[in-house]
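First up is the structure itself, then whatever we jot down about it.
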Amino acid sequence: MAHAYTPGLKVTEQTVIHKTRRLPLLGEVLVKEGDLVTPEMVVATTNIPGNPQTINVANQLGIEAEDVEGVMVKKQGDQIKKGDRIAYYKAFFGLMKKEVLSPIDGYVEMVSPVTGQVALREPPIPVQIEAYVKGRVSSVIPKEGVVIETKGAFIQGIFGVGGEVQGVIKCLAKSQDYVLDAADIKPEHKGCIVVGGSLVTGAALKKCAEYGVKGAVAGGIVDTDLISYLGYDIGVAITGHEDVPTTVIITEGFGKITMAAKTYNLLRDLDGWVASINGATQIRAGVMRPEIIVPDYVPKHKAVDAAAYAEGMVPGTPIRIIREPYFGLVAEVVELPPELQMIDTESHVRILKAKLASGEIVTIPRANVEIIEG
């Protein structure tokens with residue numbers, strides 16, 4: 001039988017998770033290997049150079065470029081405040097006076113006797129990287145960051161918006177197909193991560209933002225509600241940097257889609273536990289999925305042996321379909337024919353046969369599915 005190495009969407013009660021926390025530029029790592037960390041703990045820090053601004057001093061003073069250094073009041077490397085005099089020129093026995101004032105706070109970065117220009121630089125911008133999850137520093141990347149190891153529950157979604165947040169999980173859904181609406185969101189949910197079933201409505205997201213809810217998780221969302229929440233059409237790109245008050249994680253797809261039983265049951269069991277979540281999503285190269293991490297969670301049931309998935313799909317493997325016409329549906333692999341077959345686009349690809357929840361058997365290109373890993 002041919003193996004199919006398909007990206008998996010993980011939903012597991014307990015696994016070992018490694019999170020790399022890396023600075024955008026070289027800096028200082030503040031923890032060491034073996035240290036225990038909490039989500040809000042700063043593990044590394046650096047400074048990003050401030051924005052530059054160039055002033056043509058020779059032009060403003062009406063002098064030659066080679067004379068600029070002689071009229072500079074502030075020299076290269078000097079600190080400056082907005083409104084400080086940085087250059088001063090007088091002529092005709094002091095009858096003509098001209099000056100150049102700094103438009104920013106910062107410092108003088110460069111004075112050019114060739115162009116007559118002076119480069120100013122705003123103060124450096126401090127950048128701190130937090131641990132994001134509770135765990136232990138398993139390794140240090142010198143001057144760059146750390147790898148944090150934690151053990152607990154791990155759930156990946158199919159799409160999300162918003163960045164890294166932490167909060168207590170509150171499962172508000174009474175069933176897998178429960179619609180999370182505005183009436184479900186209460187002031188006491190401030191700082192929490194609320195869980196719906198088949199849908200989170202635009203009105204619910206508005207209430208989440210109003211009450212300071214950290215995250216919302218549901219099976220589906222209507223695209224127009226997402227656009228309304230963001231204020232723009234996100235398209236297909238990298239998400240996670242949106243300026244939104246509530247991080248949103250969708251586990252199944254767009255529209256009203258019943259949350260997979262495995263995902264719903266685990267989220268229901270996680271009610272009351274503190275989770276770290278991130279809505280960052282990247283569909284193409286370097287795939288990233290939105291995630292829910294609950295460190296230290298002790299499963300109520302014996303976890304499924306992940307080794308069953310080590311060689312890819314086999315009959316019985318649970319999958320999620322990620323392309324139309326069955327986008328978002330959960331199915332089970334029935335057969336994996338080894339030979340290539342022609343599909344509607346007239347391409348010859350490897351396919352599989354899968355059984356939908358309705359009992360219907362469908363034929364799908366293997367590239368159009370992902371494994372739901374246990």
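Read-outs: derived from the displayed coordinates by stated rules, not from any lab. Keep in mind the model is a prediction, meaning the values are calculated, not measured. Positions of Cβ are backbone-derived with ideal geometry, glycine not excepted, and every protein chain shown enters the neighbour counts.
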### Message
Based only on other Cβ atoms within 10 Å, what is the fewest-to-most ordering of 224, 251?
### Response
224, 251
### Task
Filter the trypsin sites (Lys or Arg not before Pro) in the stretch 1-105 to those in DSSP coil with at most 15 other Cβ atoms within 10 Å of their Cβ, and list the result.
32, 75, 81, 82
### Message
Under the rule a/c < 1.5 gives rounded, and otherwise a/b versus b/c splits prolate from oblate, where does the stretch 306-373 land using the Cα gyration tensor?
### Response
oblate
### Summary
Violations at 20 Å Cα threshold for listed pairs 174/256; 74/97; 10/190; 19/190 -> 10/190; 19/190
### Task
Identify the trypsin sites (Lys or Arg not before Pro) of the stretch 321-374 meeting these criteria: DSSP loop state and at most 12 other C-beta atoms within 10 Å of the C-beta.
323
#### Entry: Where chymotrypsin sites (Phe, Trp or Tyr not before Pro) fall in DSSP loop in the stretch 10-114, at most 15 other Cβ within 10 Å
92, 93
### Query
So what's the back-of-envelope 222 nm ellipticity for the chain, counting only DSSP H runs of four-plus at -39500 (n - 2.57) apiece and dividing by all residues, rounded to 500?
-2500 deg cm²/dmol
### Summary
Plugging the Cβ-Cβ distance of residue 25 and residue 353 into 1/(1 + (r/R0)^6) at R0 = 45 Å yields, to the nearest 0.05, a FRET efficiency of 0.35
### Query
If you count, for each residue, the other Cβ atoms within 10 Å and average over each peptide, how do 119-128, 334-343, 37-46 line up from highest to lowest?
37-46, 119-128, 334-343
### Query
Any idea what the relative contact order of the chain is, in percent, if you count C-alpha pairs under 8 Å spaced at least 6 apart?
19
### Task
Tell me which label goes with the value of volume of the Cα convex hull per residue in Å³ computed from the coordinates here: (i) 205; (ii) 155; (iii) 138.
(i)
